[in-house]
Amino acid sequence: TTVKVEGPKGKASFPFNALMKVEVGAGEVKVIRPDETRLARGLHGLTRTLVKNAIEGVTKGYERMLEIVGVGFKAELKGKEIHFAIGFSHPVVFKLPEGITAEVDPKQTKIIVRGADKHLVGLTAAQIRMLRPPEPSLVST
């Protein structure tokens, strides 16, 4: 009941529901459902997508780009930490989780978060964004 995937970008493993069967054949992975119930169909789609995301993550990887907008706002990468100057009286330090890497452009206004786990990349990008949530734009029509 666990799928393990290895590739050039890393390793991924996740548990799946015991109703589903995952078979690895010659160059392909098949997810088989036991019947046509609504639960089985939903679990089939979920399991198939999780397998696809794991395979794509360890072969190509995932990335999210964040842009820092504000006067004097910047980010600096120091090892496994990103130091932000985002308008507070003190710098904000964000520690990157295991399996996630980041890159900051030379202008220090763009951050690229990379990793093999799609969920963890998105979660890390969301946590960075919530350090200073964007203000609503004042657009008049």
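Which of Lys9/Lys80; Lys30/Lys110; Lys74/Lys118 have a Cα-Cα distance over 28 Å? Each step should come with its number before you reach the end.
On the way: Lys9/Lys80 18 Å; Lys30/Lys110 39 Å; Lys74/Lys118 26 Å.
Listed pairs above 28 Å: Lys30/Lys110.
Quick check for me: using +1 on Lys/Arg Cβ and -1 on Asp/Glu Cβ, what's the dipole size of the chain about its Cα centre, in debye to the nearest 20? Present the calculation step by step, with values, prior to reporting the outcome.
Numbers: 22 positive and 15 negative charges, 26 e Å.
Here the chain has a charge dipole of around 120 debye.
Quick check: the distance between the Cα centres of the range 1-58 and the range 73-141, to the nearest angstrom?
For the range 1-58 versus the range 73-141, the Cα centre distance is 31 Å.
What longest range of the chain stays clear of loop-exposed GluC sites (Glu not before Pro) (DSSP non-H/G/I/E/B, at most 16 other C-beta within 10 angstrom)? Don't skip to the end; give the middle numbers.
Values: sites that count: Glu28, Glu36, Glu98.
The longest uninterrupted stretch comes out as 37-97.
In the calculated pair distance distribution of the chain, what percentage of Cα-Cα distances lie above 25 Å?
Details: 4432 of 9870 pairs.
The proportion of pairs with Cα distances above 25 Å equals 45 percent.
State to the nearest 20 debye the size of the charge dipole of the range 66-141 about its Cα centre, where the only charges are +1 on K and R beta carbons and -1 on D and E beta carbons. Don't jump to the answer; show the numbers that get you there.
Details: 10 positive and 8 negative charges, 8 e Å.
So the dipole magnitude of the range 66-141 works out to roughly 40 debye.
Counting only protein heavy atoms and a 1.4 Å probe, tell me what percentage of the chain's accessible area is made up of carbon and sulfur.
Details: 5420 of 9850 Å².
Answer for the chain is 55 percent, counting heavy atoms of protein chains only.
Counting only heavy atoms of protein chains, what accessible area per residue, in Å², does the chain have with a probe of 1.4 Å?
Values: 9850 Å² over 141 residues.
With all protein chains present, the chain gives 70 Å² per residue.
Lys/Arg Cβ at +1, Asp/Glu Cβ at -1, dipole of the chain taken about the Cα centre: which of Pro34, Phe94, Leu123 is farthest positive-ward?
Checked the options; the winner is Pro34.
So how compact is the range 34-99: Cα radius of gyration and Dmax in angstrom?
20.0, 59
Across the range 2-16, in residue order, what do the Karplus-derived ³J(HN,Hα) couplings come to in whole Hz, using 6.51 cos²θ - 1.76 cosθ + 1.60 with θ = phi - 60° and x for Gly and Pro?
Using θ = phi - 60°, the values come out as 10, 9, 10, 10, 10, x, x, 8, x, 10, 9, 8, 7, x, 10 Hz.
If you take the alpha carbon radius of gyration of the range 16-56 and divide it by 2.2 N^0.38 Å, what ratio comes out, to two decimals?
Working: Rg = 10.1 Å, N = 41, 2.2 N^0.38 = 9.0 Å.
So the range 16-56 has a normalised radius of gyration of 1.12.
Quick one: helix 38-59 against the long Cα principal axis of the chain, what's the angle to the nearest 10°, folded into 0 to 90?
60
Can you tell me how much longer the chain between Leu19 and Glu103 gets when fully stretched, taken as 0.36 nm per residue apart minus their C-alpha distance, in nm with one decimal?
Details: separation 84, 0.36 × 84 = 30.24 nm, distance 4.08 nm.
Gain in length upon complete extension: 26.2 nm.
The values are calculated or read from the model by the stated rules, or taken from the named source; none is laboratory data. If you're wondering where the values come from, they're calculated on a predicted model, not measured in any experiment. So basically every Cβ, Gly included, is an ideal-geometry build from the backbone, and we count neighbours across all protein chains shown. Quick note on the areas: whole protein, heavy atoms, side chains included, nothing else; ligands and nucleic acids left out. Shrake-Rupley method; radii C 1.70, N 1.55, O 1.52, S 1.80 Å.
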